[in-house]
1. Working carefully through the options Asn184, Asn122, find the one that is at positive phi and either modelled with pLDDT of 85 or more or not in a strand (DSSP E or B) (or both).
2. Sort out which residues of the stretch 80-102 are farther than 16 Å from Arg168 by Cβ and in contact with a helix residue (DSSP H, G or I) (Cβ under 6 Å, 6 or more places away or on another chain), and write them in order of number.
3. With respect to Val43, determine if the residue is among the aliphatic types (A, V, I, L, M) and modelled with pLDDT of 90 or more.
Amino acid sequence: MNPRTALAAVGAVALLVGGLAGYLYGIDSTPRETTTELSTVTVSTSASAYDQVAESFADHMLFLSERNATAIASQYTGNGTVYWYGVLGVGGLAGFYNSTRNILTLMRESFIGNETSFAIGNVTRTIAVTSANSAVVNSTFDVCGQGDYIVAIPGSLWSAFNATVSARDSYVYSASENAWLISNETWDFTNFNTQPIG
């Protein structure tokens, strides 16, 4: 065989082998089916339940000190309850109050809404988040006020009062309100002092 012919034959075979390899590579490299797994990570920028309850309780103390009865009542669930008890029958106001309507009346008509002045101080509190949608705040605070206030005790009229309260607020998270609301509040007046008029 002539060297040129042999070289041409080898070149033709190499070209055929290369073409066949390219063809086969192209077939085998075609993706058949791919599966992509995606995962989503949600990053919450909202405050924790503890922080939200702490803020709600701070607002509660603020609204009480401002004597804003409507704002106070809005912090309770529709069937929320308030229970006041303690020394001297809490100036005749000891009792069980349920529903925002009755709570609103209590806040407007009691010494909170009727004194000339009213203040809250020395607030201490502990918060326990008991589940994803409930929490309890235990607190103590002092309240005081001045003004002529007639209480439900016959013949009682005072010009000033001060008291210490040990309170327990049960909070529930309301998705419809997007807020932590008080479902039950208990105030134990551990002391209650009045200054009679005259």
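1. After applying the criteria, what remains is Asn122.
2. Thr100
3. Working: among the aliphatic types (A, V, I, L, M): yes; modelled with pLDDT of 90 or more: no.
When the stated conditions are applied, Val43 does not pass them.
The values are calculated or read from the model by the stated rules, or taken from the named source; none is laboratory data. Computed from a prediction, not measured in an experiment: that's the story for all the values here. Heads up, the Cβs are rebuilt from the backbone with ideal geometry, glycines too, and the neighbour counts pull from every protein chain shown.
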